[in-house]
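Peer 1: Please see the structure below; I have some questions.
The values are calculated or read from the model by the stated rules, or taken from the named source; none is laboratory data. Predicted model only: the values in this text are computed from it and were never measured. Don't worry about glycine lacking a Cβ; one is built from the backbone with ideal geometry, like all the others, and counts go over all protein chains shown. Heavy atoms of the whole protein, side chains included, go into the accessibility calculation; ligands, DNA and RNA do not. Shrake-Rupley method; radii C 1.70, N 1.55, O 1.52, S 1.80 Å.
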Amino acid sequence: MVGAAEGEGRAVTESFSPRWLVVGAGGMLGRDLGALLAARELDHSALTRAELDLTDAAAVKTAVAGYDVVVNAAAWTDVDGAETHEAEASAINGEAVRNLAHACADSGARLLSLSTDYVFPGDATEPIAEDAPTAPINAYGRSKLIGERAVLELLPGSGYVVRTAWLYGQHGKNFIATILNAAGQREFLDVVDDQAGQPTSTPALARQLLALGATAHAGQAPSGVYHGTCAGRTTWFGLARAAFELSGLDPERVRPTTSEKFVRPAPRPAYSVLGHQRWAAAGLAPMPDWHDTLRAYLKPANETEA
């Protein structure tokens, strides 16, 4: 079995060398994926939202032509804003993905499209399987489900939906950066302890996507849904304490609280722990444990302090 953590699909990518297109390349994940492709010296293009309007079907068809693997990292990510702007969110997360799927169907490219744990209701009590019934509880989840269905409908043999969750990285706003910034402003921080999930670093997800795309291009990865989250589970409270400890801060400054104390316009799933069974069908290992990727994310800061 070739694991993303053990060679990260390097042998596959070197043997088959697909041409890659990353859309949404200006975002947190898109930037890491573009940097990884460049570091591996793989043939690729990376387009930001300003460079490619995904709602323009003709422009999308032109952009996709000539590529073997297309990764859709573009999204409307304002979860709360989607509650009052669902049509706009659905245009980006749903109809734009349909444009990409149509373009890939015409060109023969494989499409890897990022989705979310928010397509589930969050009432599970054990890791959610890739084929579990979907039932979004907010507008953002509904918009992403439109995109999922477009990929699976239009690309039954060459479409890949990769659901992820609790993302963080160096190139965008995220919970860990926010909590560590708040540590310099307040003595104690109250953090929700009744939502469970899997913190996932964008560099780790980029490596997994590279392995999946190369394996798909080689005809060795069944199409369909995959869950791209790190192994293990925790709560936002547990994540905050871990980030404090790894940053040399006193974790006792983080105190548990409930979601009722932080009411948001969009309801959040209480349980977002995803199962990873389908990676075995592609001959790939699941992603590493969230503790390990968090340690790698915070290591530069630790080394600076040392």
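Peer 1: Could you figure out which of (1) assigned to a loop (DSSP other than H, G, I, E, B); (2) modelled with pLDDT of 95 or more isn't true of residue 31?
Peer 2: (1)
Peer 1: Report yes if residue 273 is within 14 Å of the chain's Cα centre (by Cα) and surrounded by 15 or more Cβ atoms within 10 Å (Cβ to Cβ), otherwise no.
Peer 2: Taking the combined requirement at face value, the residue satisfies it.
Peer 1: Still on this model: Residues of the range 26-80 being among the aromatic types (Phe, Trp, Tyr) and open to solvent by 50 Å² or more (accessible area, probe 1.4 Å), which ones?
Peer 2: Residue satisfying the conditions is 76 alone.
Peer 1: Quick check, is residue 229 part of a helix (DSSP H, G or I), under 28 Å from residue 36 (Cβ atoms) and either in contact (Cβ under 8 Å) with a residue 12 or more places away in the chain or aliphatic (A, V, I, L, M) (or both)?
Peer 2: Spelling it out, it is not the case that residue 229 is part of a helix (DSSP H, G or I), under 28 Å from residue 36 (Cβ atoms) and either in contact (Cβ under 8 Å) with a residue 12 or more places away in the chain or aliphatic (A, V, I, L, M) (or both).
Peer 1: Report the residue count in the range 127-165 for those that are open to solvent by 20 Å² or more (accessible area, probe 1.4 Å), touching a residue at least 60 places away in the same chain (Cβ under 8 Å), over 24 Å from residue 221 (Cα atoms) and not β-branched (Val, Ile, Thr).
Peer 2: Result for the range 127-165: 1.
Peer 1: What is the residue count in the range 246-270 for residues that are open to solvent by 60 Å² or more (accessible area, probe 1.4 Å) and either in a helix (DSSP H, G or I) or touching a Leu at 6+ places or on another chain (Cβ under 9 Å) (or both)?
Peer 2: So the count comes out to 4.
Peer 1: Next question, about the same structure. Please go through the range 214-245 and give me each residue that is buried (at least 19 other Cβ atoms within 10 Å of the Cβ) and of a type in the set (Ser, Thr, Tyr), ordered by number.
Peer 2: Result: 215, 226, 229, 234.
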